[in-house]
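The structure appears below as structure tokens.
The values are calculated or read from the model by the stated rules, or taken from the named source; none is laboratory data. These numbers come from a predicted model, not from an experiment. All accessible areas refer to the heavy atoms of the entire protein, side chains included, with ligands and DNA or RNA removed. Shrake-Rupley method; radii C 1.70, N 1.55, O 1.52, S 1.80 Å.
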Amino acid sequence: MAKSIEPLKIDGILNSYETIVDDEFIYIVKPYCNKGNLIDALNNYRTRLLTERELRGPAKRISQALKIIHETSYLHGDVRPQSILLHSGGSNP
């Protein structure tokens with residue numbers, strides 16, 4: 001039997017609309033992120049290395065998001081470039 005889990009709402013972290021758990025799978029419904037994921041963005045820079053200045057902002061935001069997750073007693077079990085979703089528009093979708 002499937003059950004729904006209350007979504008975690010934390011500023012700066014992509015909110016889930018809904019999480020459903022059944023006997024075999026976990027389904028997480030999230031907003032569309034129009035810039036893909038971090039690995040896509042990094043692959044677009046194959047012609048040159050990113051500078052420290054270009055990496056500083058995103059690295060800081062990723063670190064802050066992980067800190068907030070851990071402070072709320074949650075654990076992100078899949079931190080990798082493919083699981084870091086990007087969105088343009090200035091606000092959390």
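Some points to look at:
- Ligands, DNA and RNA left out, the 1.4 Å accessible surface of the stretch 32-93 is 55% carbon and sulfur atoms.
- Whole-Hz ³J(HN,Hα) from phi, Karplus 6.51 cos²θ - 1.76 cosθ + 1.60, for the stretch 69-81, glycine and proline x: 4, 5, 5, 8, 6, 9, 9, 8, x, 8, 7, 7, x
- Per-residue ³J(HN,Hα) for the stretch 24-38, Karplus 6.51 cos²θ - 1.76 cosθ + 1.60, θ = phi - 60°, Hz, x for Gly and Pro: 10, 9, 10, 10, 10, 9, 10, x, 5, 10, 6, 10, x, 10, 5
- Potential lengthening between ARG48 and ASN15 on full extension [0.36 nm per residue; Cα-Cα distance subtracted]: 8.6 nm
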